Amino acid sequence: MAENMIPLRIAGVGYSLPETVVTNDDLTKLYETSDEWIYTRTGIKERRVCSGSEDAIELGFKAAQNALEKSGIKPEELDLIIAASSAPPQLYPAIACHIQARLGIETDIPAFDITAACSGLIYGLQVAKGFINSGIYKNILIVATDNNTRYLDWSDRGTSILFGDGAGAMVVTVAEDGVDDVLAIDIKAKGAIGEYIYKDNVGQNCPLAEPCPEHDGFIHMNGKEVYKFVVKILPPYIEEIIEQAGLKAEDIEYLIPHQANLRIIQAVQERLQYSDEKVITNIKYYGNTSAASVPIALAEGVEKGTVKLGKDTKAILCGFGAGMTWGAAIVRLREGIC
Ligand code: COA
């Protein structure tokens, strides 16, 4: 970090999950599949899904409250809200604007959403870091919230088995002790292979112009190509980010990866030669919660005692998803953040 930059502290992390559980066995009511098929290919046994009026705003709001509580920073002390989501119930107002209102903030702080799918938390952290390092804002709330189950084609068994709903949030602020909690961070995108995962907006052209092609509004995914691409790029990419932080894999306590497919996680684990205790997974119970999966895994891991926070606990956070986008960060996890 350049000398004149203001260091960032991760102050609080929280999460929220809907109550309704859908198991692999439940899915056999929708199409021909089996718990064995899904579990062996993905590591997923069940997922949480929004029900009734629950949506990404509601989940994000609860996660935000949780993270703010941990951080000791009051909603009215925030300078910026960034929400990362690929399943907003409305394109506008942004989820971040809804959450500003739900938190009762009356100071007109800026609030906007970013679309980086399952890399959303890492993208959000990179954006927040820029604002903090440069001194533009001090207290920033990042909310990663997704409700992809509302936009799935529930007859597409290759895609709908994977996703679950949930939200995670992170509060970042200025590190008064001068120690930056982000040791390295990087984000990437390759738009040329964007067709691997996409969701069209539904709309129509002006009736006086030629009609546009019809779209279904569902999430479409070429699972095989996504799998091949991620398994190829992710392990060396994680090694690069560790090097960028000036560290070795063994200097880092935990790998807290995006929970998309257990086999993808294992490919990174093998490359880093990490024991199971160092790799935090909860995909078995929540499936792929998209942008929310990294903060959920972190905060729930602390809650369950699988992530132990210490004076200098370090973790690799990484995400990848539609865009295609990907990103990783090496962060310091201080005691009391979740
Ligand atoms: N149950 C039973 N059979 C299924 C099935 C299901 N849920 N889904 C697909 N099949 C069948 C297919 O119809 C196909 O049958 P066929 O050979 O007779 O045509 C066969 O299983 C293989 O399908 P395929 O799509 O090639 O499976 P796969 O081995 O690629 O596994 C995924 C599918 C989705 C599990 C896997 O590709 C994957 O996890 N990819 C990564 C996706 C990802 O991580 N996305 C999120 C990124 S953020």
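Every number here is computed from the coordinates shown, using simple stated rules; none is lab data. Note that this is a predicted model, so its numbers are computed, not measured. As a convention, Cβ positions derive from the backbone with ideal geometry for all residues, glycine included, and neighbour counts pool all protein chains shown.
Quick look at the numbers
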item	result
Helical segments meeting 24 Å axial Cα length and Kyte-Doolittle 0.0 threshold in the chain (DSSP H)	223-244
Residue-by-residue Karplus 3J(HN,Hα) for segment 212-218, coefficients 6.51, -1.76, 1.60, Hz, glycine and proline x	8, x, 6, 10, 8, x, 8
Longest segment of the chain lacking GluC sites (Glu not before Pro) that sit in a DSSP loop with at most 12 other Cβ atoms within 10 Å	215-334
Linear extension gain, VAL179 paired with SER53, 0.36 nm per residue minus alpha-carbon span	41.2 nm
Under 14 Å from LYS248, Cα to Cα: aspartates and glutamates that are on another chain or at least 8 residues apart	GLU239, GLU240
Cα-projected label distance for HIS215 with ILE6, points at 7 Å along beta-carbon direction, nm	3.8 nm
Surrounding net charge for ILE242, when Lys and Arg each add one and Asp and Glu each subtract one, Cβ distance under 12 Å	-3
Taking N as its residue count, the alpha carbon Rg of the chain over 2.2 N^0.38 Å	0.96
Point-charge dipole on Cβ atoms (K/R +1, D/E -1) for segment 244-313, about Cα centre, debye to 20	140 debye
Sites ASN205 and GLU225 - FRET efficiency at Förster radius 25 Å, r taken between beta-carbons, to 0.05	0.25
Listed residues LYS232, LYS304, LYS62, most fluctuating in the chain (Gaussian network, C-alpha, under 10 Å)	LYS304
Antiparallel DSSP beta bridges within segment 8-174, as percent of all bridges there, nearest 5	65 percent
Given charges at beta-carbon only (K, R positive; D, E negative), |dipole| of segment 8-174 in Debye	520 debye
Label-reachable residues, segment 292-332, where backbone N falls under 15 Å from a point 7 Å from SER275's Cα toward its Cβ	306-308
Stretch gain in nm, segment LEU30-GLU303, where the contour uses 0.36 nm per residue and the Cα spacing is subtracted	94.9 nm
Charge tally in the Cβ shell below 15 Å around LYS188, where Lys, Arg are +1 and Asp, Glu are -1, LYS188 excluded	-1
Calculated P(r) tail over 19 Å for segment 8-174, as whole % of Cα pairs	55 percent
Cβ-defined net charge surrounding GLY223, 12 Å radius [Lys, Arg +1; Asp, Glu -1]	+3
Size of charge dipole - the chain - debye, nearest 20, with Cβ of Lys, Arg +1 and Asp, Glu -1, no other charges	520 debye
Part-to-part distance (alpha-carbon centres) for segment 145-212 and segment 266-313, which is given in Å	20 Å
Qualifying lysines (Cα of each under 21 Å from Cα of LYS70; at least 8 residues distant if same chain)	LYS62, LYS129, LYS138, LYS304, LYS308, LYS311, LYS314
FRET E, pair TYR285, THR115, Förster distance 30 Å, beta-carbon r, rounded to 0.05	0.70
Extension gain, VAL21 back to LYS138 (0.36 nm per residue minus Cα-Cα distance, nm)	38.3 nm
Fewest-first sequence of VAL174, VAL202 by Cβ atoms within 10 Å of each Cβ	VAL202, VAL174
